Amino acid sequence: MIRCFRNALVDGAGMVSLAAQCLRLTATGRVKPSLVAEQIFIIGVRSVGVTILMGLFVGATMAIQIEVQLRDFGATSFLGGLASSVSLRNVGPVLIGFLLAGKVGAYMSAEIGAMRVSDQIDALRCLGVDPIGYLVAPRFMASLVSSVVLLMIGLVMTVLGGMLMADIGLNVNYLSYIQRVQDLVSVSTLCLSVLKSLTFGAILSAIACYRGYNATGGFKGVGRAVRQTSVEALVMILLMDLLLSDLWSGWVNG
Amino acid sequence: MARRIWRRLELCIDQLYVCGVESLPIVAICVTVVSLMLVIEMSYHIKLVLNQHTLVPGFSTLMLVRELAPVVTALLLASRVGAAMAAELSVMKNSDQIDAIRLSGVDLFKYLVLPRLSAVTLSCMALTLIALVVATLGATVMASNRLGYLPSEYMNTMLAFTAKYDILICLIKAAVFGAIIATVAIRQGFKAPPGSRSVGTAATNAVVDGFIGTILADWVITYLA
């Protein structure tokens, strides 16, 4: 029990310090922008399609679910606003964050982990190149940027998906769906979803880089790093989601 | 005959332990966190629409039972169990163990696939139910702290909103998600290309495919229900 707690503390501190190191290297201009751009292309652009698909279906599912719950109260006119608000504030960031933790995070940790266990990172160090500046920092920045952008794309898609679903399956046309959106989706909701996107992107990038960089035990260890990355990212995303929702409801909604 | 059935069951029980018992704490904690989050968020939404929060128990519980509890359980299982399964099978394939099993005349489907498939499906259903119970208790505490509900009041309102039908949908979803996760992971493990580098790829692909399959199946079942 105590050992488990201590390991969690050590890992958490390691993740934070690795992320801080990457950010510092980037801020002082020691990371080549071309490397970051290349990684953004590899990780981010490839995930756009999946994110759009996921966003559409999450939004559609939420629309059906909210409709089922509202039907008994005859309050279907609130469907659009409520479904968009629920998707934007919590369900959207959480589920799309999960997908990106699996797609971006696990890919990243598998790649860095494979380099680590085949001693490529030590080889770089022998050549006098800083492995964090050359390998980890570009990947960290790329996954940070692309997961934040992808999350926002996904959130827009949830609203679209809900609208499509309502028009096709639930007999609520676009106009009456959109009508209530501006009443219920306030600026603070949008701020909260952007804040959640930023936090989740940072969390999953830090966990993925740390787990990949510290992979041990051959290629089996890479599999373990992938698993740890996605599980830890999922748990941290959920915890941060609760924390942010709670703080936000305390500060902003009074 | 009885011994053969027992052998078969033993394989399944091993898998059940790995993916059911060992995932229980993490799944219970995560679903509870989701239920707390739902209480906070639903009270915000209901207040926005109806200017009161008498409907919070019903709304947050329905959302949890029908939607988020099976999905979150399945996504956790996909990243915990699915990735491990794909990694394990791809290591077995790369070290020619799968060919060895096939050559020794053992039916791969009965020996490798069926125990994993049934174990993940069963444990996904069981974990969802157990997690729901824990999460409901958590939500009751949260609601009595934040919204001033008496625990008994909360439970009564919650039960007035949820029917057996909702639990049935929850279980169907959990079973379908579990089957999808296991199928996807086993497929990724078996089709891993030669070379040890493919272990990480197989694990990553199992996670992503499991997530996508879960969300798509979730939409289909919600639409049909």
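What to note about this one:
- Among the helices (runs of 4 or more DSSP H) confined to region A:34-148, the ones with at least 1 residues that are under 30 Å from A:V172 (Cα atoms) and open to solvent by less than 10 Å² (accessible area, probe 1.4 Å) are located at A:46-71, A:79-86, A:92-100.
- Here A:L242 meets the list (1) surrounded by fewer than 16 Cβ atoms within 10 Å (Cβ to Cβ); (2) closer than 19 Å to B:S35 by Cα; (3) facing another protein chain (nearest Cβ under 9 Å) almost entirely, failing just condition (1).
- Of the residues making up region B:18-25, none is surrounded by fewer than 24 Cβ atoms within 10 Å (Cβ to Cβ), within 8 Å of chain A (Cβ to nearest Cβ) and within 26 Å of B:I130 (Cβ to Cβ).
- Selection status of A:A20, more than 21 Å from A:V104 (Cβ to Cβ), of a type in the set (G, A, S) and either modelled with pLDDT of 85 or more or open to solvent by 10 Å² or more (accessible area, probe 1.4 Å) (or both): no
- Between B:S35, B:S60, B:S79, the distinction of being at the interface with chain A (Cβ under 8 Å from one of its Cβ atoms), polar (S, T, N, Q) and touching a helix residue (DSSP H, G or I) at 6+ places or on another chain (Cβ under 8 Å) belongs to B:S79 only.
- Enumerated helices (runs of 4 or more DSSP H) restricted to region B:121-225, each holding at least 1 residues that are open to solvent by 30 Å² or more (accessible area, probe 1.4 Å) and within 30 Å of A:G218 (Cα to Cα): B:164-190, B:198-224
- A:Y177 being assigned to a helix (DSSP H, G or I), away from chain B (no Cβ under 14 Å), buried (at least 18 other Cβ atoms within 10 Å of the Cβ) and modelled with pLDDT under 85: yes
- Residues located in region A:23-65, provided they are modelled with pLDDT under 85 and within 14 Å of chain B (Cβ to nearest Cβ): A:I42, A:I43, A:R46
The values are calculated or read from the model by the stated rules, or taken from the named source; none is laboratory data. Source: prediction; values computed, not measured. With ideal geometry, Cβ positions are generated from the backbone for all residues, glycine too; neighbour counts draw on all protein chains shown. Areas reflect the complete protein model, heavy atoms only, side chains present, ligands, DNA and RNA absent. Shrake-Rupley method; radii C 1.70, N 1.55, O 1.52, S 1.80 Å.
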